[in-house]
Amino acid sequence: MNIEPADYVIIGAGASGAVVANRLSADPAVRVVLLEAGPRADGFWNRMPSGGLTRMNKPDADWMYKTEPDPSLGGREMVWNAGRMLGGGSAINGMVYIRGDRRDYDQWAGELGCTGWSWNEVLPYFLKSENWQGAPSQTHGSHGPLAVAEARMQHPLAETFIDACEQFGLRRVPDYCAGDVDGAFRNLTTQDNGTRASTARAFLDEAEKRPNLQVVTGALADRVVIENGCATGVVALVGGERVKIAARREVVVSGGTLHSPAILMRSGIGPAQELAKHGIDLVRDLPEVGQNLHEHISFSQSFEVDVPTWNNLFGKVSLAREMLKYVFARRGLMTMIPVEAMAYLRTRPELDFPDVKLSLGLMMFDPVKSGPSDKPGMVVFQNVAKPKSRGEVRLRSADPEDKPVIAPQLVGHPDDLAAMIAGARMVREIFAQPALAKHVVRQVMPDPIPQTDEELTESIKTRSGIGFHPVATCRMGGDEASVVDPRLRVRGIEGLRVIDASIMPIMPAANTNAPSIMVGEKGAAMILEDARVLLKPAPASPVHR
């Protein structure tokens, strides 16, 4: 396959890469090529909100990375899901829209040397993306391509949960999008009139009509071509053929937290010893490539309740009715979001910031039948808000078709485990508050219900999964050890940037879809700013008389 040279070549069409492709190709004078390893995200099932969720664990749409045994979880191996299609994770995720807390980004800028990344400096990029579907608000944007809305399918027990959180002592947060997540609130969703607003829909559907943007699916990136310290193109496998795409200005790596470091390492950028093991010529020794991996551990507790929840809509007749409701009105169960409310709590009163994040779902699963329970129920997914545990990503080989080695440590830090134990007890206290207690029939999972710290530790280590929010393997920072500088340029290499969740130095206390879109917006803006500086004519020489 012949792909013409471009000004910009972007690897990965996920939450960040699709944004970058849209913003750069808005200039008709430049040519942009966007490479995506997976297929397109067209069709009814990809547009239906719940349909995207069904694509998880399907190899045509999900990378389904398998981890190494995690010593912090008793040696368990896990599948780490990641979207493998246009839109990336946004095409299969839970559609939660949350930016994080202002203190997250002020920490990046103030403590970690990420100049330009404070809350006040990133907020305009959140607003730039957003097409808010509600009443006019100073904290929401209305002119962007990404639809953000209140959930169409809302259960009253979500409000009851927030009432119980208040009774427990948490604040009711009036506007969590204003950079304040310290309390409990209903969350918003990335849906547009009852359809999934993935970044493929929001940023690529219209942009692909531009003649200067070429989107190539089924293109597995091998490596970045680097000549004399400058990125000049990308080698990718397209239809079984090895293709080189030349880049006249820049290469942007947006492969995600698990793939971007692997692409850099195959390009000769990374820990020298790791590259030597695989016979890769060293271009730049950057020991932190692939390091600092952290992710939200997710531990769930389920409660049977005495009022119908979404579980009651999974009978054959009900499902048929709900499907018809969606086809004709874009409403009903098929627009359901898995998390309707969230809460942040402190497991120790002296903490300046909440250390545990809770996500409430109005559907309970039956582990025996591997599907929705026959009983009405609620589930709370519990994460360490800002984990201290760190893992790493390494190469399995120099072959791009070999998925990278993922060596996690989901609860490798004792503070994370302590927070999970204390948080699990607090969840039970919230469900014992008057607002919820009158509806709770019994706690269903874990089974048996752990009582002691030792039993909770065992349950957390044997039952926990991931939050689908890995970050930080190409850490941004103001220090020379960081992989990218605050303008997302790979240190020591000209014309090469990483723009995705892997650059986040520390995870924001949030799901990472909206922050990744913001990174795409800000990264694209910096590329355009730098290009204007480079192309600006030199000032005329002074005339001496």
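The values are calculated or read from the model by the stated rules, or taken from the named source; none is laboratory data. Given the structure is predicted, the values throughout are model-derived calculations rather than measurements. Quick reminder, even Gly has a Cβ in these numbers, built from the backbone with ideal geometry, and neighbours come from all protein chains shown.
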Out of ALA202, ALA262, ALA221, ALA247, which single residue is in a strand (DSSP E or B), under 23 Å from the mean Cα position of the chain (by Cα) and not hydroxyl-bearing (Ser, Thr, Tyr)? ALA221
Kindly provide the set of residues from segment 299-340 that are crowded, with 20+ Cβ neighbours inside 10 Å and farther than 20 Å from GLY51 by Cβ, ordered by number. PHE299, GLN301, SER302, PHE303, VAL305, THR309
In segment 239-279, the residues that are surrounded by fewer than 19 Cβ atoms within 10 Å (Cβ to Cβ) and among the β-branched types (Val, Ile, Thr): VAL243
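Residue-wise test of (1) out of contact with any strand residue (DSSP E or B) (no Cβ under 6 Å at 6 or more places or on another chain); (2) modelled with pLDDT of 95 or more; (3) part of a loop (DSSP other than H, G, I, E, B).
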| position | (1), (2), (3) |
| --- | --- |
| GLU392 | no, yes, no |
| ASP402 | yes, yes, yes |
| GLN409 | no, no, yes |
| GLN451 | yes, no, yes |
| PHE468 | yes, no, yes |
| THR473 | no, yes, yes |
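Please verify whether SER464 is buried (at least 23 other Cβ atoms within 10 Å of the Cβ), out of contact with any helix residue (DSSP H, G or I) (no Cβ under 6 Å at 6 or more places or on another chain), among the hydroxyl-bearing types (Ser, Thr, Tyr) and under 23 Å from VAL368 (Cα atoms), treating the condition exactly as stated.
Values: buried (at least 23 other Cβ atoms within 10 Å of the Cβ): yes; out of contact with any helix residue (DSSP H, G or I) (no Cβ under 6 Å at 6 or more places or on another chain): yes; among the hydroxyl-bearing types (Ser, Thr, Tyr): yes; under 23 Å from VAL368 (Cα atoms): yes.
Spelling it out, SER464 is indeed buried (at least 23 other Cβ atoms within 10 Å of the Cβ), out of contact with any helix residue (DSSP H, G or I) (no Cβ under 6 Å at 6 or more places or on another chain), among the hydroxyl-bearing types (Ser, Thr, Tyr) and under 23 Å from VAL368 (Cα atoms).
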Scan GLN443, GLN433 and give me the residue that is under 24 Å from VAL181 (Cα atoms), more than 23 Å from the chain's Cα centre (by Cα) and among the polar types (S, T, N, Q). GLN433
Members of segment 338-384 found to be assigned to a loop (DSSP other than H, G, I, E, B), of a type in the set (Gly, Ala, Ser) and touching a residue at least 40 places away in the same chain (Cβ under 8 Å), listed by number: SER373
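Being within 15 Å of the chain's Cα centre (by Cα), buried (at least 17 other Cβ atoms within 10 Å of the Cβ) and touching a residue at least 12 places away in the same chain (Cβ under 8 Å), is that true of even one residue in segment 73-80?
First pass over segment 73-80, keeping only residues within 15 Å of the chain's Cα centre (by Cα): 80.
In the following step, the residues that additionally are buried (at least 17 other Cβ atoms within 10 Å of the Cβ) were identified as 80.
Next, from what is left, pick out any that are touching a residue at least 12 places away in the same chain (Cβ under 8 Å): 80.
Yes.
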Result of the Cβ filter at 9 Å on segment 96-107, keeping first residues that are more than 11 Å from PRO515 (Cα to Cα) and partners that are part of a helix (DSSP H, G or I) and acidic (Asp, Glu), at least 6 apart or interchain, is none
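Among the residues of segment 367-379, write down those that are touching a helix residue (DSSP H, G or I) at 6+ places or on another chain (Cβ under 9 Å) and either on the phi > 0 side of the Ramachandran plot or surrounded by fewer than 24 Cβ atoms within 10 Å (Cβ to Cβ) (or both). Can you show your working first?
Narrowing segment 367-379 to residues touching a helix residue (DSSP H, G or I) at 6+ places or on another chain (Cβ under 9 Å): 372-378.
Listed by number, the residues that qualify are PRO372, SER373, ASP374, LYS375, PRO376.
Can you name every residue in segment 94-107 that is surrounded by fewer than 23 Cβ atoms within 10 Å (Cβ to Cβ) and of a type outside the set (Asp, Glu)? Give the steps one after another, and end with the answer.
Of the residues in segment 94-107, the ones surrounded by fewer than 23 Cβ atoms within 10 Å (Cβ to Cβ) are 94, 96, 102-103, 106-107.
Answer for segment 94-107, where residues must be surrounded by fewer than 23 Cβ atoms within 10 Å (Cβ to Cβ) and of a type outside the set (Asp, Glu): GLY94, VAL96, ARG102, ARG103, GLN107.
Give the residue that is farthest from GLY332 (Cα to Cα), with candidates limited to residues of segment 38-83 that are basic (Lys, Arg) and not in a loop (DSSP other than H, G, I, E, B). Reasoning before the result, please.
Step one: of segment 38-83, the residues basic (Lys, Arg) are 40, 47, 55, 58, 66, 76.
With the extra rule that they be not in a loop (DSSP other than H, G, I, E, B), the set shrinks to 47, 66, 76.
Values: ARG47: 15, LYS66: 34, ARG76: 38 Å.
Filtering segment 38-83 for residues that are basic (Lys, Arg) and not in a loop (DSSP other than H, G, I, E, B), the one farthest from GLY332 (Cα to Cα) comes out as ARG76.
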Any residue in segment 38-61 that is surrounded by fewer than 19 Cβ atoms within 10 Å (Cβ to Cβ), in contact with a strand residue (DSSP E or B) (Cβ under 7 Å, 6 or more places away or on another chain), under 22 Å from VAL498 (Cβ atoms) and in contact (Cβ under 8 Å) with a residue 24 or more places away in the chain? no
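Listed here are the residues, each with its yes/no results for (1) in a loop (DSSP other than H, G, I, E, B); (2) farther than 26 Å from MET507 by Cβ.
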{"site": "TRP117", "(1), (2)": "yes, no"}
{"site": "ASN120", "(1), (2)": "no, no"}
{"site": "LEU127", "(1), (2)": "no, no"}
{"site": "SER142", "(1), (2)": "yes, yes"}
{"site": "VAL148", "(1), (2)": "no, no"}
{"site": "ARG152", "(1), (2)": "yes, yes"}
{"site": "ASP163", "(1), (2)": "no, yes"}
{"site": "PRO174", "(1), (2)": "yes, no"}
Just one of the numbered conditions (1) outside any helix (DSSP H, G or I); (2) surrounded by fewer than 18 Cβ atoms within 10 Å (Cβ to Cβ); (3) among the small types (Gly, Ala, Ser) is not true of GLY110; which one? (1)
Filter pass, MET1 being of a type in the set (A, V, I, L, M, F, W, C), in contact (Cβ under 8 Å) with a residue 60 or more places away in the chain, in a loop (DSSP other than H, G, I, E, B) and over 16 Å from LYS209 (Cα atoms): yes
Take the residues of segment 443-457 that are aliphatic (A, V, I, L, M) and surrounded by 19 or more Cβ atoms within 10 Å (Cβ to Cβ): which is nearest to GLY74 (Cα to Cα)? LEU456
